Structure formats: C-alpha cells, structure tokens
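Structure, as structure tokens:
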Amino acid sequence: MSDDRVISFIQPSRNNLRYLKWSYNSIRKNLGYRHEICWADDFSDDGTWEWMQEIAKKDPNVKIHRNEGPTRLGHTILYDTLVDIATSDIIMIYHADMYACPYMDLEVLRKLTRGSVVSATRIEPPLHPDGPEKILKDFGIEPEEFNEKELLEFVEGDLEHSDEKYTRGIFAPWAMYKDDFLAIGGHDPLYAPQSKEDSDIFNRFVLAGYELIQTWQGFVYHMTCRGSRFKDGAMRNPAGQVFMKGRESSEWLAQNLKSTRNFIRKWGHMVKHDELMYPIIPPKYDVGFVVHNCDVNMLKELEPWCSDIYGDWVGVNKYIDEEQPNTDFNLSKRIHSDHNDQKNNVIVEFDASKLTSDNFQILVNLSDILKESGEVGVMELEIFKFSIKSLDTYEQDLIKVKK
C-alpha cells in the first residue's frame, strides 16, 4: 500500500511538552519524515518553544509558530493559524497527546477524497466511558510508562487481521483537504480559546455535504485530555485501575460553560450526535420568547435558547454588562423591553414563574418539537402559547463562518 500525498499535522500545544515529544517521535518513527508537522506554542512556560526551535533546526518538515501572550489564544484560533501556515494540500487536526501507529496515515489517505473528512480510530486507556467509536485498552497513562511494544503487537496482530471496517463519525485525529476546510471558514472564533469548536465545525461539515468517514484500519493511541481540562494528568490506584488525578480544572469548567451557551445561541440546541459521533442537527428556527414575571436570574437561563427575548426587565443592563464579554452575539439587540416589537417567525409566550425543570425541557427540545408537530397558526403546549408565522429554517446559513 502506498500513497505519495503529504499530510500537514496541525498540533497546537500549551504546557504539554512531555506529550508533544512523545507524539512527535511516534510520527517520525512510524510514519517517516515526509509529512509536515505544524506546531503552535500557546505561551507555554515549560520549555515547549525552546524545544520546538531545536527540532525545527534539525527537521525541515516542521513549521513552528508562537503566541507570545500574555494570554492564551487556545486551539480554536491556533488550529486555523497553523492551517494557514501548512504547505500541504491535506491537513490533519492532531492532538498533542496522540501516538501515531504504523500506517495510520496511509489508511486515512486511502479513503480521503475532496469533499470528505476521514478520522483515524482512537485506542485509549480506560479513563473515560467506553463507546462504540473507540477501543478501550490500557497501554499506559503517561509517556514514562507507555508500553509501545504491546500496543504495536495489538495493532499489528489483533487489529491488522480483522475485517475491513468503516463507519460514519468524526473525532480527532481527522484529515481533509485544506481547501475544503477553508471553504467553510475553518473554526468559529466564537468558541475561543476552546470547547465546542469541534462540535460546531462537525455540524458545518455535514451541512456542507462533506462525507464523514472513520477508518478502523488506522489508529492512534490517545492519552486523553492532557491540556487545560485535566492539568494534573492521570494515575493508578494500588489495584492498577486508572483515573484522572483531579476533577476538571476551574479554567476548563468556566470556558466549557461559556462555549456551551454560545453553541446554544448559534444552533438553538445542545450538542447532538449518534453513538458513533455522527452529528445530529435539528432545524434552526427564528424563535422569540415573550416572558412574563421574569427576573434577571431566569433571563440568564432563557436568553441563549432564542433569537430574541421580550420582557419587562429590571436590572437587564447589569446582565448585559456581565454577559456581553462572553459572547460575540450582541445582547442589546437580542433582549427587548417592547413587547409590541415582536419580529420573529415563531413566538413562544409564557409565565416564567410557572417554569419547572420538566417543562423547561420543552424549550430545550424546541427545534425537534417544531419540526415534528409545529404548524402555522396558534397552538398551546403546557404553559407555552405558540404563535407561528413561518417554519422556515436557517441552519444552512451557519455553514460558513463570517470572520
């Protein structure tokens, strides 16, 4: 099997030097020196930039970039910075804590055409719940204890002789033609520095008509979440069971909440996918909420779930001042005091004092409800009154990022 196409590996890193060295060595040892590696150091203080400079002097197929700070940019921005730097026609989004197994590149290239996105299959230690889109098997939780020999025996023995298999789904590492990536505007900076940028671009791949393919002949070993999410890494208990040392970092939790709220604002729903990680994309409707008896705390819960919200607000300017730095959406244009200026295709009117955790799920699942049973006219469901002028949908407008 041969394929002379070259991949540009896209690898941002922040204080991940131990893993980045391990990952780099695997690419060069198992895939050779023909592929380009593009690194971005996101203002690290662990010697990452100095090491990158040393490697770039010796390896002409390494391109390097540094964010000089003083704040991090995150991989949402740096992925696209590195794609611009990449000189190959094909790019692969590749985490700094991934080990490239032999022939992974050729197996990905075997299925890659323009208009497709091809993912390798992850082999991971049992640090996170199992799923049908990956293989859970423990070959080490840190580079120092990595059992390379057993991993390669597993890949070249047990997996190499299994039936040829491809599924529909996507997760890093994924590869595609650079011009297909650029055609939809790359990652959306709305999610910077991180979190939900992958789910957003995966949705847009599907809406753009790209084919999503996962090959089960090409593999990476993935240490998982060794960036800002679990900064302290993993460990074993006396029985040998593995677990992350601590809970998610406060930095990651805050950013994940911010990005989740922005994902809902943009798409009108939470992240959805099937068991093999293929995106599920409900329709995007133009929805306005008319809310009675709504305080600022409830406004915070409701605002992301609609295009516009109308109410008799007290303290709304304080909410806007506090929340606006967290989003690119103009909150002053989304939050209205004039009930008579309703402009949306779908108006949902309700009394916020009657909201419960159960009936709030109607708002969470509104896209699906409108798709399945919405009709032009007036309808009621529990505490909600719907006035529907049109059921036009707008998800196609979200394919291309407007930067």
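Each value in this text was obtained by applying a stated rule to the coordinates, not by laboratory testing. Predicted model, so just to flag it, every value in this text is computed and none were measured. Cβ coordinates were reconstructed from backbone atoms using ideal geometry, including for glycine residues, and neighbour counts include every protein chain displayed.
Restricting the GluC sites (Glu not before Pro) of the range 326-403 to loop positions (DSSP other than H, G, I, E, B) with no more than 16 neighbouring Cβ atoms within 10 Å leaves Glu375, Glu382. Compared with the alpha-carbon gap, the fully stretched path from Asp397 to Asp84 is longer by 110.3 nm at 0.36 nm per residue.
A protection proxy built from the mean count of other Cβ atoms within 10 Å ranks the segments 289-296, 120-127, most packed first, as 120-127, 289-296.
Beta bridges per DSSP, both residues in the chain: antiparallel share near 40 percent. Filter the cross-link list Lys111/Lys134; Lys58/Lys149; Lys258/Lys333; Lys58/Lys258 down to pairs whose alpha-carbon distance in this structure exceeds 30 Å. Beyond 30 Å: Lys58/Lys258. Taking 0.36 nm per intervening residue step and subtracting the Cα-Cα distance, what contour gain separates Ser250 from Met379 on full extension? Fully extending the segment from Ser250 to Met379 adds 42.1 nm. For Lys385, the lysines whose Cα comes closer than 20 Å to its Cα, not counting residues fewer than 8 places off in the same chain, are Lys284, Lys343, Lys354, Lys371.
Figure legend: label point modelled 7 angstrom from the Cα of Tyr166 along Cα→Cβ; residues of the range 190-215 with amide N under 15 Å from it are 210-215.
Each of Glu301 and Asp274 was given a label point 7 Å from its Cα along the Cα-to-Cβ line. The distance between the two points is 3.4 nm. Between Glu145 and Asp368, the simple label model (points 7 Å from Cα in the Cβ direction) yields a spacing of 4.0 nm.
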